[in-house]
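**Student:** There's a structure below that I have some questions on.
The values are calculated or read from the model by the stated rules, or taken from the named source; none is laboratory data. Please read all numbers here as calculations on a predicted model, not as lab measurements. No Cβ is skipped: glycine too gets one built from the backbone with ideal geometry, and neighbour counts run over all protein chains shown. Just the protein is used for accessible areas: all its heavy atoms, side chains included, with ligands, DNA and RNA removed. Shrake-Rupley method; radii C 1.70, N 1.55, O 1.52, S 1.80 Å.
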Amino acid sequence: MSNFVAVDLGGLGIDPAFRETIFAHLRETALMTSSTSTATPLRHAFDGRVADVKSPKSDINALILDYLTMEGYPKAAAKFSKEANLKPQQEDPTINSRQQIQHAIHTGDIETAITALNELDPEILDKDPQLHFSLLRLQLVELIRQCNGGDTNPALDFATKKLAPRAVMNTDFLKDLEKTMALLFFPHDNLQPELAALLHSDLRRNTAIKVNEAVLVRQTQRREAAIRNLVRMRAWAETSVRAKKKGDLPDRIELGLNGDDNDYLEGVHENGHEPMITT
C-alpha cells in the first residue's frame, strides 16, 4: 500500500460532512508543503517498499483519537476509543464548548459562537484583535448572505457599529472590510473569485479552526492534532528527497485520504502494541 495513511470512518456512524472535513484538513496541510505532480502514475517499485512497512494499527488509531479530541468532537472520540479498544485521552474540560463553538461557526451562527467563546474565556478575543475581527467579518458576511437582494440595513448597521471602528485603526482590517462590503453591490451568483471566496464554506471552516486553536493555546495545550505535524513531515521529507534527487520516487505519492482502503480499521481490537503517545 503506497498511502501514508488510509482510514475509513464510515463504520463509526460519523457524519459524512464531518468525515470529509477531516480529510479536507489533512489534504490542505499536505498541499501547503508538497510539490508533487498531479499525474496518475503507473505501479512503482516504491509502492511495494512502502507496502512492506506495516504501521501498528494502535498507532493509527491513537492518531485518529487524538484528532477527534483536539478538534472538538467528544462523541466521535468516545465512540472511536471504544471501537478501537483505546483508553480515552485525559478529559478536556473545553471539548464540549469547542464543539459547540465550531458547530455554530460552521452553520453561520456567528453571534452564538462569539457569545459562547466569551463565556468560555473572555480574554481570548480581547487579546487577539485579528481573531475577533475575523469573527465579526464572518458575521457580516452571514448578514449580507441573508439580505441578498433584500433589506441591507442590518448589514450596514453592523458594519458601521462593529467593524468600522476597528478598521480605521488597521489598514489590513480596512481592506478586508471594503472587500466584504463589495458583496452588497454584486449578484452573488456572478462574483469574481476573490469575492466568491467570502461566501464559500472554506471561510467558515478556516475561522472555526483558528478559534479552536486559540482556545487550545489558552488552555496550554498543543495547537493542533498530532497527525497534522506528521502529514507536514511526510510532505517535507518527500519534497527534500525530490529536491536533492535522491532515491527513486514515483511522480505522485498518494496520502491515502480517500477512504478507499480499510486496512487500518480492520481488527482494531487486536492491537498487539502499546498505543502511541501523542501528548
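**Student:** Only one of these is in a helix (DSSP H, G or I), surrounded by 13 or more Cβ atoms within 10 Å (Cβ to Cβ) and free of Cβ contacts under 8 Å to residues at least 12 places away in the same chain: LEU136, LEU125. Name it. Don't jump to the end; show me each part of the working.
**Tutor:** On the way: LEU136 fails: free of Cβ contacts under 8 Å to residues at least 12 places away in the same chain.
Of the residues listed, the single one that is in a helix (DSSP H, G or I), surrounded by 13 or more Cβ atoms within 10 Å (Cβ to Cβ) and free of Cβ contacts under 8 Å to residues at least 12 places away in the same chain is LEU125.
**Student:** Looking at (1) in contact with a helix residue (DSSP H, G or I) (Cβ under 6 Å, 6 or more places away or on another chain); (2) open to solvent by 20 Å² or more (accessible area, probe 1.4 Å); (3) at pLDDT 70 or above, which one does THR33 not meet, given that it meets all the others?
**Tutor:** Going through (1) in contact with a helix residue (DSSP H, G or I) (Cβ under 6 Å, 6 or more places away or on another chain); (2) open to solvent by 20 Å² or more (accessible area, probe 1.4 Å); (3) at pLDDT 70 or above one by one, THR33 breaks only (3).
**Student:** Consider THR69 carefully, then state whether it is open to solvent by 40 Å² or more (accessible area, probe 1.4 Å), in a helix (DSSP H, G or I) and of a type in the set (Val, Ile, Thr). Lay out the reasoning, then the answer.
**Tutor:** Details: open to solvent by 40 Å² or more (accessible area, probe 1.4 Å): no; in a helix (DSSP H, G or I): yes; of a type in the set (Val, Ile, Thr): yes.
Considered against the rule, which asks whether it is open to solvent by 40 Å² or more (accessible area, probe 1.4 Å), in a helix (DSSP H, G or I) and of a type in the set (Val, Ile, Thr), THR69 comes out as no.
**Student:** Can you tell me which residue among ALA197, ALA159, ALA208, ALA155 is buried (at least 17 other Cβ atoms within 10 Å of the Cβ), of a type in the set (A, V, I, L, M, F, W, C), under 30 Å from GLN99 (Cβ atoms) and free of Cβ contacts under 8 Å to residues at least 24 places away in the same chain? Talk me through it step by step, then tell me what you get.
**Tutor:** Values: ALA197 fails: buried (at least 17 other Cβ atoms within 10 Å of the Cβ); ALA208 fails: free of Cβ contacts under 8 Å to residues at least 24 places away in the same chain; ALA155 fails: free of Cβ contacts under 8 Å to residues at least 24 places away in the same chain.
Just a single option satisfies the conditions, and that option is ALA159.
**Student:** Here's something else I'd like to know. Please enumerate the residues belonging to the range 215-232 that are modelled with pLDDT of 80 or more and open to solvent by 20 Å² or more (accessible area, probe 1.4 Å). Quick ask: steps written out before the conclusion?
**Tutor:** From the range 215-232, those modelled with pLDDT of 80 or more are 215-218; that's our starting set.
Selection gives VAL217, ARG218.
**Student:** Just need a number here: residues in the range 95-122 that are β-branched (Val, Ile, Thr) and either in contact with a strand residue (DSSP E or B) (Cβ under 7 Å, 6 or more places away or on another chain) or surrounded by fewer than 18 Cβ atoms within 10 Å (Cβ to Cβ) (or both). Show your work before the answer.
**Tutor:** Step one: list which residues in the range 95-122 are β-branched (Val, Ile, Thr), which gives 95, 101, 105, 107, 110, 112, 114-115.
Retained after the next criterion (residues that are either in contact with a strand residue (DSSP E or B) (Cβ under 7 Å, 6 or more places away or on another chain) or surrounded by fewer than 18 Cβ atoms within 10 Å (Cβ to Cβ) (or both)): 107, 112, 115.
Total satisfying the criteria: 3.
**Student:** Restricting the range 164-189 to residues that are surrounded by 13 or more Cβ atoms within 10 Å (Cβ to Cβ) and within 26 Å of the chain's Cα centre (by Cα), which is farthest from GLU142 (Cα to Cα)?
**Tutor:** PHE173
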